[in-house]
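These notes are about the structure you will find just below.
The values are calculated or read from the model by the stated rules, or taken from the named source; none is laboratory data. Everything quoted here is computed from the prediction, not taken from an experiment. We place every Cβ from the backbone using ideal geometry, glycine too, and count neighbours over all the protein chains shown. Protein only, heavy atoms only, side chains kept; ligands, DNA and RNA dropped before computing areas. Shrake-Rupley method; radii C 1.70, N 1.55, O 1.52, S 1.80 Å.
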Amino acid sequence: MAEWNAYYQNEDEEGEQEEGEQSGGDYKITGRDSLVFLVDASKEMFIKGEDGEPSNFDMTMQVVRTVYTSKIISSDKDLVALVFYGTEQSKNPRNSFKHVYVYHDLNEPGAKRVQEVDALRGEKGAKLVAETIGSGETSLGDALWCCANLYSDIKLRLSHKRIMIFTCRDEPHGGDSVKDRQARTKASDLKETGVVIDLMHLMKPGGFDISLFFCDIVSPPEDESELGLQLQPSDKLEDLQKRVRAKELKKRALARLNLCLGEGINVAVGIYATAVAARKPGSIKLYRETNEPVRSKTRTFHTQTGSLLLPSEIKKAQYYGSKEIVMERDEVDAIKKFDDPGLFLIGFKPMEKLKLHHHIRPAVFLYPEEDEVKGSSCLFSALLKKCSERNVFALCRFISRRNYPPRFVALLPQNEELDEGKVQITPPGFNVIYLPFADDLRTLDPPQFPSASQTQVDKMKEIVSKLRFKYRSEGFENPVIQQHFRNLEALALDMMAPEEIEDLIMPKVDQIDERLGPLVQEFKDLVYPAYYNPESKPAAKRKTADTGGGAEKKPKVELTEDELKAHVQNGTLAKLTVPVLKDACKQFGVRTTGTKKQELIDALIARLGS
């Protein structure tokens with residue numbers, strides 16, 4: 001009979017469940033993401049920037065490669081495509097459109113595609129593009145129509161369909177009103193079918209005027225947090241990568257629940273994980289003959305008859321004292337269920353009541369879902385604004401999924417922040433802080449140490465002030481994971497050696513010494529006594545009886561022949577220790593066949609008792 005505990009799921013694993021898995025609450029089954037890079041191949045894209053800076057085409061290919069490799073690592077089931085427009089040569093399904101070249105159709109990214117994109121970079125890549133693709137007339141309407149055909153040929157379920165246009169021309173058709181109208185019409189048709197069109201416009205001499213044409217092509221922001229149309233063109237690779245990353249990464253809700261503010265007042269919200277621990281992917285078991293992946297299945301059999309047991313034939317048991325409590329699976333579900341999934345507002349508390357030690361697990365993020373309940377965004381924004389103004393947090397009872405135990409959480413308000421390029425740094429919403437129960441709090445008895453003097457404290461403050469820096473978690477990559485994927489990339493792309501990585505978490509010793517100067521030695525002089533070297537190894541302690549520094553060695557016990565015979569006659573040899581018995585055997589020349597105590601006793605009895 002299975003243990004009851006085996007049926008319980010660990011609530012800490014809720015963020016690790018596969019996306020789209022329905023286990024309670026309002027969870028949507030999601031399909032695959034899809035992304036089409038629609039790149040302008042006109043001659044203007046290949047003009048190099050000032051001071052040897054890469055061309056717009058080079059920057060675009062670098063971004064495409066970055067997205068390809070990130071997809072391979074994070075979501076290799078997503079579909080990506082690379083299409084050039086404004087080309088001399090034509091290559092597309094059924095060759096229906098001129099001056100449109102489908103370099104990669106919609107498919108999963110792979111090592112071969114990364115190598116093919118690498119071939120388009122640099123001066124050699126520009127020559128290869130000129131020889132195989134070329135630059136010709138432009139019809140953005142035909143290019144969008146070709147992208148629509150790529151989507152229509154896909155039979156898989158797609159959760160998001162997106163087209164990214166990379167160009168440095170604000171009037172791609174040179175004022176041709178017929179082509180402009182065709183492009184606007186096709187863009188409107190795509191947007192009606194759920195395809196999102198984004199513009200990644202690049203720098204050109206004289207600036208890029210979006211209002212001339214592309215303002216009617218691109219899609220409006222999907223919600224308030226969505227990065228809208230950028231007015232300033234990208235002139236740096238970092239800026240372009242940042243904008244593409246903000247658009248390419250989709251927000252997936254862990255759950256969609258109701259936030260109950262009172263009787264009959266519900267706000268639809270989505271639960272998002274803003275930070276998830278990155279892990280190396282698990283190894284896949286392969287069949288040694290064909291290298292095909294193998295699948296493991298678990299079956300339960302009866303211990304006595306060996307018959308296969310069905311799920312309905314298995315019960316759960318829990319021992320209480322010496323009694324076995326047996327329950328059906330439905331009874332276990334009924335016991336575990338406290339209430340339906342959701343958030344229930346209990347009240348508000350001043351921000352000072354929330355302590356650092358209350359943060360016991362990674363927080364999640366709360367954002368309104370207007371599609372679920374109309375008016376949720378308005379009421380949510382009002383609640384967020386008032387909590388921020390009054391510097392309070394909302395205390396709620398939170399049940400994340402069906403059959404999950406309730407938790408107390410604090411909804412911490414977070415206002416929206418934008419950088420200089422109007423790119424959202426932090427979205428508006430509530431951070432959900434999990435609060436501990438009374439059973440989770442522990443009373444610690446820290447060891448007592450002598451307290452530091454005020455002079456020592458002041459000197460350490462100087463050291464701390466010299467070593468302060470602005471910490472950003474996104475500025476430090478996990479070196480173990482990065483090295484792992486660099487090795488895999490080198491194997492997949494047939495590289496001679498993996499790309500070198502920089503371990504950013506290693507302390508910069510030279511820079512630290514330069515900043516501190518003599519402060520370190522001054523602090524050592526204040527803390528350590530004279531002639532004391534904290535880096536030297538401590539001397540080995542002598543175990544002497546005079547100083548009491550160690551255990552005194554016991555003197556060796558020797559027995560006479562008469563004493564041993566007395567032990568034999570009285571039957572008290574078993575009271576002697578094994579070392580004493582061994583020494584006695586050596587002393588009287590007794591040969592033994594073993595080292596066990598009983599064997600030594602038998603040998604001595606045979607020698608002395610005769």
Lys, Arg +1 and Asp, Glu -1 on Cβ, resulting dipole of the stretch 366-455 about Cα centre, debye, nearest 20:
380
Of Asn415, Leu493, Gln598, which is farthest towards the positive pole of the chain's charge dipole, taken about the Cα centre with +1 and -1 on the beta-carbons of Lys, Arg and Asp, Glu respectively?
Gln598
Loop only per DSSP, at most 10 neighbouring Cβ atoms within 10 Å: give me the GluC sites (Glu not before Pro) in the stretch 493-533, ordered by residue number.
Glu500, Glu502
Mind putting a number on the dipole of the chain about its Cα centre? Charges go on the C-beta only, +1 for Lys and Arg and -1 for Asp and Glu, and I need it in Debye to the nearest 20.
2320
For the stretch 424-468, state which chymotrypsin sites (Phe, Trp or Tyr not before Pro) are in a DSSP loop and have at most 16 other beta carbons lying within 10 Å of their beta carbon.
Phe437
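Would you mind estimating how fast the stretch 109-215 diffuses translationally, via Stokes-Einstein at 37 °C and 0.692 mPa s with the Kirkwood radius over Cα pairs, in µm²/s?
205
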With the dipole of the chain defined by +1 on each Lys or Arg Cβ and -1 on each Asp or Glu Cβ, the option from Met59, Leu35, Pro109 whose Cα lies farthest towards the positive pole is Pro109
Positive-end residue, the chain charge dipole about Cα centroid, Cβ charges, pick of Thr274, Met460, Leu516
Met460
Sequence-distant or interchain residues sharing an amide H contact under 5 Å with Ile197, placed H: which?
Ile163, Ser219
At 1.4 Å probe size, with the rest of the protein present, what percent of the exposed accessible area of the chain is carbon and sulfur atoms?
51
For helix 56-74, report the angle its Cα long axis makes with the longest principal axis of the Cα atoms of the chain; keep it between 0 and 90° and round to the nearest 10°.
40
Reduced to Cα centres, the span from the stretch 112-153 to the stretch 297-375 in Å works out to 51
Averaged over all viewing directions, the convex hull of the alpha carbons in the chain casts a projected area in nm² of 50.5
Mind giving me the nanometre distance, one decimal, between the label points for Arg329 and Lys285, set 7 Å out from Cα along Cα→Cβ?
2.3
In the structure shown, do any of Lys43/Lys127; Lys43/Lys71; Lys374/Lys422; Lys112/Lys161; Lys466/Lys508; Lys43/Lys179 have a Cα-Cα gap over 18 Å, and if so which?
Lys43/Lys71; Lys374/Lys422; Lys112/Lys161; Lys43/Lys179
Roughly how tilted is helix 561-570, in degrees to the nearest 10 and between 0 and 90, from the longest Cα axis of the chain?
80
Explain nothing, just the number: dipole magnitude of the stretch 402-529 about its Cα centre with +1 on each Lys and Arg Cβ and -1 on each Asp and Glu Cβ, in debye rounded to the nearest 20.
600
Just in the stretch 323-412: which chymotrypsin sites (Phe, Trp or Tyr not before Pro) are loop by DSSP and have at most 16 other Cβ atoms within 10 Å?
Phe338
Square roots of five times the Cα gyration tensor eigenvalues for the stretch 381-455, Å:
33, 25, 12
Paramagnetic reach from Ser70 in the stretch 425-452 [backbone N under 18 Å; point 7 Å along Cα→Cβ]
425-427
Stretched out fully, how many nm does the piece from Gln448 to Lys155 gain, at 0.36 nm a residue minus the Cα gap?
98.6 nm
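Could you give the alpha-carbon Rg of the stretch 283-406 over 2.2 N^0.38 Å, rounded to two decimals?
1.76
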When the helices in the chain are scored as -39500 (n - 2.57) per DSSP H run of 4 or longer and the sum is shared across all residues, what 222 nm value do you end up with, to the nearest 500 deg cm²/dmol?
-9000 deg cm²/dmol
Provide the net charge surrounding Tyr528, with neighbours chosen by a C-beta distance below 12 Å and charges set as Lys +1, Arg +1, Asp -1, Glu -1.
-2
So for the chain: antiparallel DSSP bridges make up what percent, rounded to the nearest 5?
65
If I stretch the segment between Glu372 and Val520 completely, what's the gain in nm (0.36 nm per residue apart, minus their alpha carbon distance), one decimal?
47.3 nm
Take the alpha carbon gyration tensor of the stretch 356-496, find the square roots of its eigenvalues, order them as a ≥ b ≥ c, and report rounded if a/c is under 1.5; if not, report prolate when a/b exceeds b/c, else oblate.
oblate
Residues of the chain: accessible area per residue at 1.4 Å, in Å²?
65
Compactness of the stretch 454-507 as Cα Rg over 2.2 N^0.38 Å, two decimals:
1.88
